[in-house]
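S.K.: What follows is a single structure, and I will ask about it in a moment.
Just so it is clear, none of the values below were taken in a lab; they were calculated from the coordinates. Everything numeric here is computed off the predicted structure, so don't read it as measured data. As a convention, Cβ positions derive from the backbone with ideal geometry for all residues, glycine included, and neighbour counts pool all protein chains shown.
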Amino acid sequence: MIHFSLAHYERAPAGEREKIEAAIHEGFKAGEALYITDYACDGVSQEQVGQNVARVRDALRRVEIDEGFVGIDGKPVKRRSFCVINEFDHPGIDFSYISGQVGVCDGDPESLLKGLSILRASPELVRALEQNNRLMNRVIGVVMGVLGRNLRIPEEYFREHVLKRSTYRQRLAYYDGAVSDSLCGVHPDGNLLSFLITDRKGFRYFDSQFRVHEPEPMGIVCLVGSLLWRWSRGLYPPVFHYVKQMSGESKTSIVYLYNLENNKTFRVAPYDGSREVYVNDIKRYKPEDLSRDGPFAEVFDALIERVKYE
Ligand SMILES: [Fe+2]
């Protein structure tokens, strides 16, 4: 795991920042997750984030269980959940923006519609999510800045073409300890970077050596998704992960699935001035990621052999 104190990084002199950024580059190449600590900002404390997660948990307890997604090991996800989507740099919950994304974005549309109706009925929940969004906007902005420099993307192009109209879809999920087999099967996330906030252990990931890590819930866990693998032409492998069976102990998670604008064409990364382009075709790539005919199939058996849901 790459430990990354956001407060320390922001205060560090230029030379030290460069070293931290180089360590993140090497860590991502080795399939490690970024573990972000000291991330409080703009009047949003880490304690408030915890309170907001508790509010999300209370709302999710009443939501029906969904079982749509299936991991590479055939394990279906079982959790109470819904989705919300925001444009990067627009932390306010915008109902008309969300409606416009139903059927367009990479997430399941039913889950976005479910989220719309839950949020319309709960202004307090909206306030809690917006407060977390303000904080996550900054966290994502910092990590994306590091990524942009590590991939040598020219600054203006990065600001005007990469970050602009990028989004983060949130998956708010409650793994109910009272329900049998409340878990999530092994998969890579089909987006650029994921940021996980949770209130309990149970999330596990594999690095490139197939070593299993189970991060503590205090920090934000940032994972490379399969679209970053594609955009970076295989430089950063996607991080396969799962959620163990939560029996007796319930767990609440908010995952911010950060993505570049869908179907847009980008210059390849690391940037080398070539004319080669990458098209961010999420709907085409997502099924490939989980397929035995897809680009990651050669690691499936090694992962399935090592996964333990207890
Ligand atoms: Fe995931």
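S.K.: Cβ under 11 Å from D42's Cβ, D42 left aside: what net charge do those residues give with Lys, Arg +1 and Asp, Glu -1?
M.R.: Details: positive: R134, R138; negative: none.
Here the charged neighbours net out to +2.
S.K.: Tell me the net charge near E261. Cut-off is 9 Å between Cβ atoms, E261 excluded, with +1 for each Lys or Arg and -1 for each Asp or Glu. Could you put the intermediate results ahead of the total?
M.R.: Numbers: positive: K164, R165, K264; negative: none.
Residues close to E261 contribute a combined charge of +3.
S.K.: Another question, then. Report, largest value first, the span of the C-alpha coordinates of the chain along each principal axis, in whole Å.
M.R.: Sorted largest first, the three principal extents are 52, 45, 36 Å.
S.K.: Can you tell me the order of 184-197, 208-221, 293-306 when each peptide is scored by its average per-residue count of other Cβ atoms within 10 angstrom, highest first?
M.R.: My ranking of the peptides, most packed first, is 184-197, 208-221, 293-306.
S.K.: Now for a separate question. Enumerate the amide H contacts of S182 below 5 Å, restricted to partners 5 or more residues apart or on another chain; note that Pro and chain-start residues carry no placed amide H.
M.R.: Under 5 Å from the amide H of S182 lie the amide H atoms of M246, each far enough along the sequence or on another chain.
S.K.: What are the membrane-span-like helices in the chain by this rule: whole DSSP H runs, Cα extent along the axis at least 20 Å, mean Kyte-Doolittle hydropathy at least -0.5?
M.R.: Once both thresholds are applied, what remains is 123-150.
S.K.: Report the per residue volume, in Å³, of the convex hull enclosing the C-alpha atoms of the range 96-184.
M.R.: Considering the Cα atoms of the range 96-184, their hull volume per residue is 153 Å³.
S.K.: If packing is taken as the average number of other Cβ atoms within 10 Å across a peptide's residues, how do 233-243, 280-290, 165-175 rank, most packed first? Before the final figure, lay out the partial values.
M.R.: Details: 233-243: 21.5, 280-290: 16.8, 165-175: 23.1.
Output ranking for 233-243, 280-290, 165-175: 165-175, 233-243, 280-290.
S.K.: Let me ask something additional. Of K29/K114; K19/K264; K251/K283; K114/K251, which pairs sit farther than 27 Å apart, going by alpha carbon to alpha carbon?
M.R.: K29/K114; K19/K264; K251/K283
S.K.: Take peptides 74-84, 20-30, 127-137 and line them up by average Cβ neighbours within 10 Å, highest first, as a rough protection proxy.
M.R.: Ranking, from highest mean packing down: 74-84, 127-137, 20-30.
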